[in-house]
Amino acid sequence: MNESKTLKWVFIIAGGIGILLISFTLIYDMLIPDICYYHTHEMNSFIALFYSASPATNGHPEPNIANFILSITLGGIIGNKTYKLMIKNRDKSNL
């Protein structure tokens, strides 16, 4: 079957948005169960790499641009691989 560039981009964008939502909800809740903990404590290096706590958020950690870029990139890669597997399986079933 011929590859569709539109369908490929739909999978890449859907994967990026999906992983972004998972990162901003589930992973955030697993890594930071108590957001007020960081009012009086320092963030470790891993948390500080992907989250920032500014006065605008009253010291509560929030995802930063590195988290956003990594989530979108990882989601796009997963979406692309899913598309390739789908095309490969569809080609095998048409034989």
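Each residue, T82 and L70, gets one label point 7 Å from its Cα in the Cβ direction; the gap between the two is 2.1 nm.
Here the gap between T25 and W9, fully extended at 0.36 nm per residue and compared with their Cα-Cα distance, gives a gain of 3.4 nm.
Relative to the longest principal axis of the Cα atoms of the chain, the long axis of helix 5-22 makes an angle of roughly 30 degrees.
Of the options A66, N44, G18, report the single residue whose Cα projects farthest towards the positive end of the charge dipole of the chain (beta-carbon charges: Lys, Arg +1; Asp, Glu -1). About the Cα centre, the residue reaching furthest to the positive side is G18.
Computed log10 I(q)/I(0) for segment 1-49 at 0.14, 0.20 Å⁻¹: -0.54, -0.76, from the Debye equation with unit scatterers placed on every C-alpha and solvent omitted.
When +1 charges are put on Lys and Arg Cβ atoms and -1 charges on Asp and Glu Cβ atoms, the dipole computed for the chain relative to its Cα centre reaches about 800 debye. Summary value for the chain: 47 percent relative contact order, contacts being C-alpha pairs under 8 angstrom separated by 6+ residues. Per-residue Karplus couplings for segment 42-49, computed as 6.51 cos²θ - 1.76 cosθ + 1.60 with θ equal to phi - 60°, are listed in order as 7, 7, 6, 5, 5, 5, 5, 5 Hz, Gly and Pro entered as x.
Look at where the Cα atoms of segment 41-90 and of segment 1-37 average out, and the two centres are 8 Å apart. Adding -39500 (n - 2.57) for every DSSP H run of four residues or longer, then dividing by how many residues the chain holds, sets the calculated 222 nm ellipticity at -19500 deg cm²/dmol. Computed from Cα positions, the angle between helix 65-93 and the longest principal axis of the chain comes to roughly 20 degrees.
Take 12-24, 46-58 and order them by the average number of nearby Cβ atoms within 10 Å per residue, most first; the result is 12-24, 46-58.
The Rg/Rh ratio for the chain is 1.20, where Rg is the radius of gyration of the alpha carbons and Rh is the Kirkwood radius.
Judged by the mean number of other Cβ atoms found within 10 Å, the most tightly packed of the peptides 29-40, 66-77 leads the ranking 66-77, 29-40.
Only the coordinates and a few stated rules stand behind these numbers; no lab work does. What you see is a predicted model, and the numbers here were worked out from it, not measured in a lab. Cβ sites come from the backbone with ideal geometry, for glycine too, and all protein chains shown count toward neighbours.
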